[in-house]
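Asks: Below is one structure. I have some questions about it.
The values are calculated or read from the model by the stated rules, or taken from the named source; none is laboratory data. Remember, predicted model here, so these are calculated numbers, not experimental data. Only protein heavy atoms, including side chains, enter the accessible area calculation; ligands, DNA and RNA are left aside. Shrake-Rupley method; radii C 1.70, N 1.55, O 1.52, S 1.80 Å.
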Amino acid sequence: MRIEPGDLDAADVAELLREHLDDMHATSPPESVHALTDEGLRGPDVTFFTARDDDGALLGCGAIKRLGGGAAELKTMRTVTTARGRGVGSAVLAHLLGVARTRGCTVVHLETGSMDYFAAARRLYARHGFVETGPFGDYAPDPLSTFMTLQLRPGPDVTRS
């Protein structure tokens, strides 16, 4: 599996991002959807990555957003349906945490849903050391959101970017 900066203009990436946004809107009311559009993923404070297999097939994606003050936020974590259960999410998450460490971040935040649909995501983040916290940044309390945080320890750079 290769994890590298993602091409937001690639057809398979655009389709995965559409699927992601469609699912977010199908499971949450508009005011509780915090997923970035492709325009948001192009922001100067966001770095987007894709995971691909050795043949180039898209496996998943994830992004990291700089928040300032040594903090970052995970965004747009998604695995293609056919690759679920193969460790793609863990690999992308480990890569993003490596990027955060390389950038000198000391804390990484995320927002995900509190509904059953998001249970697997919450378990993934908890396995990697994230703990539930309250809202951060510009987020407001929302019963449909779960906020999680990981305090980073300095470590080796696991990225190639």
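Asks: Can you show me the helix-derived [θ] at 222 nm for the chain, built from DSSP H runs with n ≥ 4 at -39,500 (n - 2.57) apiece and divided by the number of residues, rounded to the nearest 500.
Replies: -8500 deg cm²/dmol
Asks: Another question, then. If amide hydrogens are placed 1.01 Å from N in the peptide plane, which non-local residues have theirs closer than 5 Å to the one on Gly113?
Replies: So Gly113 has HN proximity to Thr146.
Asks: Report in % the part of the accessible area of the chain that belongs to carbon and sulfur, leaving out ligands and nucleic acids; probe 1.4 Å. Don't skip to the answer; put the middle values down first.
Replies: Working: 4240 of 8270 Å².
Carbon and sulfur together cover 51 percent of it.
Asks: Here is a further query. Using each residue's phi in the range 100-115, evaluate 6.51 cos²θ - 1.76 cosθ + 1.60 at θ = phi - 60° and report the 3J(HN,Hα) Karplus result to the nearest Hz, with x for Gly and Pro.
Replies: 4, 4, 4, 7, x, 6, 10, 8, 10, 10, 7, 10, 9, x, 9, 7
Asks: For Kirkwood radius over Cα pairs in Å, which listed value, (i) 17.3; (ii) 15.9; (iii) 16.6, comes from the coordinates shown?
Replies: (ii)
Asks: Here is a further query. Which cross-chain or sequence-distant (5 or more) residues have an amide H under 5 Å from the amide H of Leu67, H modelled 1.01 Å from N in plane?
Replies: Here Ala72, Glu73 satisfy the definition.
Asks: Rounded to the nearest whole Å², what accessible area per residue is found for the chain with the 1.4 Å probe? Show your work: numbers first, answer last.
Replies: Numbers: 8270 Å² over 161 residues.
Spelled out: the 1.4 Å probe surface of the chain, per residue, equals 51 Å².
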